1. What tally of residues in segment 104-139 results from selecting those that are surrounded by 14 or more Cβ atoms within 10 Å (Cβ to Cβ) and of a type in the set (S, T, N, Q)?
2. Which one of these does I68 not meet: (1) modelled with pLDDT of 95 or more; (2) surrounded by fewer than 17 Cβ atoms within 10 Å (Cβ to Cβ); (3) within 21 Å of G208 (Cα to Cα)?
3. Scan (1) modelled with pLDDT of 95 or more; (2) under 20 Å from A156 (Cα atoms); (3) not charged (D, E, K, R) for the single condition Q75 breaks and write down its number.
4. Can you find a residue that is assigned to a helix (DSSP H, G or I) and within 12 Å of the ligand (Cβ to nearest atom) anywhere in segment 183-198?
5. Could you list, in sequence order, the residues of segment 207-246 that are surrounded by fewer than 20 Cβ atoms within 10 Å (Cβ to Cβ), in a helix (DSSP H, G or I) and of a type outside the set (K, R)?
6. Here's a check for you: in segment 202-246, which residue that is more than 8 Å from the ligand (Cβ to nearest atom) and among the aliphatic types (A, V, I, L, M) is farthest from R177 (Cα to Cα)?
7. Can we say I158 is within 18 Å of T76 (Cα to Cα), surrounded by 21 or more Cβ atoms within 10 Å (Cβ to Cβ) and away from the ligand (no atom under 16 Å from the Cβ)?
8. Would a scan of segment 145-152 turn up a residue that is assigned to a helix (DSSP H, G or I) and at pLDDT 95 or above?
Amino acid sequence: MMARGSRVAWSILERLGRFDGGSNPPYPIRTMKQQDAARIYATLLKRYPDAREPAGKICRGTPFEVLILTILSAQTTDKAVLKVKKPLFLRYPTPAKLAKANQEDVEMIIHSLGYYHAKAKNLIAASQALLDNFGGSVPETMDELLTIPGVGRKTANIVLYHAMGKNEGIAVDTHVRRLAQRIGFSDTDNVAVIERDLMRLFSQDTWGDLTDVLIAHGRATCDAKKPLCGECVISGECRGVRKNKD
Ligand code: SF4
């Protein structure tokens, strides 16, 4: 339980506008209970019933396609990635074709995305790793996926859940990271620790969907700069609620 001094300090910081729920509080806060987290999740799920089956998303397709598109999605939007999906896979439909690709040719296709030089390099290296180490298939474990160039836990979690139906962890993207702190699921800005906190709070069968539900809420209501707390369905349970603001 948080000490009285800490609660007072937090309250003062809030009144001074120094803590908006999106930053790390300077001391430990109360730990959310699993039943409270489950209730918040249920409320959000009701508010965004289609979030678990996102249409036109990068996470649709074969494991190879989901892997490649998720690597491409770093620092850009799903919409931008989907624009290059067709030309990319028409020319390079398999790991074998993409592993042999000329990097500049790949760069021309994905040029509209940020970091296209590094991404093209990673796509080719990832495809070569699939050929060299996994018989040309996408591996089905976290440890194996993390050996592939360009793949971190976020990408691995997305591939495992959306391409293989496995809940091994929770993908923490920019929305999940922000909302976890604001709502009170986690007290840190470290994505690895946020993932661990979320895995402790939520039952495993919800892990994959939790990411999509939080992303839906982040896009529709809990914007990074202008959260719409006044119309938020979980404002009564969110520690980062902004009162008397839009
Ligand atoms: S009340 Fe809702 S919109 Fe406001 S910070 Fe919390 S989750 Fe975001």
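The values are calculated or read from the model by the stated rules, or taken from the named source; none is laboratory data. Being a predicted model, the structure only gives us computed values, none of them experimental. No Cβ is skipped: glycine too gets one built from the backbone with ideal geometry, and neighbour counts run over all protein chains shown.
1. Final tally of qualifying residues: 3.
2. (2)
3. (1)
4. Of all residues in segment 183-198, those assigned to a helix (DSSP H, G or I) come to 183, 191-198.
Among the residues that remain, those that are also within 12 Å of the ligand (Cβ to nearest atom) are: 183.
So far as segment 183-198 goes, yes, one or more of its residues are assigned to a helix (DSSP H, G or I) and within 12 Å of the ligand (Cβ to nearest atom).
5. Matches in segment 207-246: D209, A220, G230, E231.
6. Here the residue is A220.
7. Numbers: within 18 Å of T76 (Cα to Cα): yes; surrounded by 21 or more Cβ atoms within 10 Å (Cβ to Cβ): yes; away from the ligand (no atom under 16 Å from the Cβ): yes.
Taking the combined requirement at face value, the residue satisfies it.
8. Step one: filter segment 145-152 for residues assigned to a helix (DSSP H, G or I), giving 145.
Then drop every residue that is not at pLDDT 95 or above, which leaves 145.
Looking for residues that are assigned to a helix (DSSP H, G or I) and at pLDDT 95 or above, one finds at least one in segment 145-152, hence yes.
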